[in-house]
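Remarks on the structure that follows.
The values are calculated or read from the model by the stated rules, or taken from the named source; none is laboratory data. Just so we're clear, the structure is a prediction, and the values are computed from it rather than from any experiment. With ideal geometry, Cβ positions are generated from the backbone for all residues, glycine too; neighbour counts draw on all protein chains shown. Just the protein is used for accessible areas: all its heavy atoms, side chains included, with ligands, DNA and RNA removed. Shrake-Rupley method; radii C 1.70, N 1.55, O 1.52, S 1.80 Å.
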Amino acid sequence: MRLAVDCRMLGSGGIGSYLSALLPYLTAEADCLLFGDEALLPQYAQRPGTAVVPCKITPFSLRELLCFPAELARQINACDALYSPYCNVPSGTKVPFFPTIHDVVFLDVPGLASKAGVWMRKRLYRHAVRRAAAVFTVSEFSAERIRFHLRPRAEVAVTYNAAPEWFSAPGAPAAAPVKKEDFILFVGNIKKHKGLGVLLEAFAAARRAGLSSRLVIVGNAEHFRTADKAVLEQISRAPDGAIEFTGRISDAKLKELYQAAKLLVQPSLYEGFGMPPLEAMTLGTRAVISDIPVFREIYRDFPAAFFKAGDAADLAEKLVSEAERAGGPIPAELPDRYSFRRTSDIILSTIRKHI
């Protein structure tokens, strides 16, 4: 099988990281045409059976939607299938198309985008699923929401997600710290479904109840939208030094923070999968997470403490009680449920079934 893989989102946040972890397996099991930024694909340029084609056209741009380069479309159409780690469809491509839609949060959570923005996203999602020979997603929860909103005629296959292998591989970017430090970690963005406002309220209550830990937010304070007045006011009321924003950090620094933190807190109100708890527990750090359906699905049998989603008082109690346990052992062997090898196997077997 010859598989075209859209690599233009490499280096762009979670979707780029997801594709980066998949590519070694996809290229090992299939002949691949990779199109994207050559500078991000040097390790594949000389790989037998793999061709790298430069393409810097922005996903979802008018050029992609209306006038994608004819020569590149011809090369893609000479393959057996086209895989995208998201839901963008280059114009002029005709081979069976297989996207991964990680979630439909903009359709489920009001207020994340304008009405026009939601309308446009829904059109793009629908275009992708109508064009798709099969659709991939990362949880049964997301699969159900895709079926509810988009009514795909094609199969929706759940691939799940996984912690990046460099977290535990030999020669990984950072060595484990000697001991835990007195801080609680939040990794995520400021969109309201991430629950940062609930965490800030709970953190303030936990500090009043005797919690000594700082809160470290992996993100940049300057990126907070001024319209988020309630969140900004919560931050302004925090004692000096109680809350730290890291700014943009490297993978190695993120690994160090995961390892050194007393706790990882994921107070999300909505996720398609939710990676930080898995990454933290992989590195030996307890997680306190909301009891939303997708977390119950993904993290059953994992050493995570659940709190009632959106309930700051319950989260405050969990922060205090779990911080007292921090530093104690968690199971060395987590449930062997998620890996990018398994994800790749599902993707490739499903594609082969449909071409």
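Please give me the summed charge of the neighbours of Glu279: other residues whose Cβ is under 11 Å from its Cβ, Lys and Arg +1, Asp and Glu -1.
0
Averaged per residue, what accessible area in Å² does the chain show with a 1.4 Å probe, protein chains only?
46 Å²
Cut-off 10 angstrom, C-alpha nodes, Gaussian network model of the chain. Which of Ser84, Ser344, Ser12 fluctuates the most?
The residue with the greatest mean-square fluctuation here is Ser12.
Collect residues whose amide H, placed 1.01 Å from N in the peptide plane, falls under 5 Å from the amide H of Leu215; neighbours closer than 5 in sequence don't count.
The answer is Ile184, Ile243, Glu244.
First obtain the Kirkwood hydrodynamic radius of the chain from its Cα pairs, then insert it into the Stokes-Einstein equation at 4 °C and 1.567 mPa s, and state the resulting D in µm² per second as a whole number.
Rounded, D is 60 µm²/s.
Using the C-alpha atoms of region 257-329, what convex hull volume per residue, in cubic angstrom, is computed?
Convex hull of Cα atoms, per residue: 77 Å³.
Enumerate the lysines that Lys94 could reach by cross-link, defined here as Cα to Cα under 24 Å, with residues fewer than 8 away along the same chain left out.
Lys56, Lys122, Lys353
Measure out, as a whole number of angstrom, how far apart the alpha-carbon centroids of region 80-107 and region 259-313 sit.
Each part reduced to its Cα centre gives a spacing of 29 Å.
If I compute solvent accessible area with a 1.4 Å probe over the protein chains, what percent of it on the chain is carbon and sulfur? Provide the component values of the computation, followed by the final result.
Working: 8460 of 16230 Å².
Carbon-and-sulfur percentage of accessible area, whole number: 52.
Excluding residues on the same chain fewer than 8 positions from Lys115, give the lysines whose Cα lies under 22 Å from its Cα.
Lys191, Lys192, Lys194, Lys229
Whenever you get a sec, line up His354, His127 from highest to lowest accessible area (probe 1.4 Å, protein heavy atoms). Don't jump to the answer; show the numbers that get you there.
Numbers: His354 65, His127 90 Å².
Order by accessible area, largest first: His127, His354.
What aspartates and glutamates could a cross-link reach from Lys308, if we take a straight Cα to Cα line under 13 Å and drop same-chain neighbours fewer than 8 places away?
The qualifying aspartates and glutamates are Asp291, Glu317.
Which of Cys55, Cys32, Cys87 moves the most in a Gaussian network model of the chain with Cα springs under 10 Å?
Ranking Cys55, Cys32, Cys87 by mean-square fluctuation puts Cys55 first.
Which residues' amide hydrogens lie under 5 Å from the amide hydrogen of Gly188, considering only partners 5 or more residues apart or on another chain, with H built in the peptide plane?
Val218
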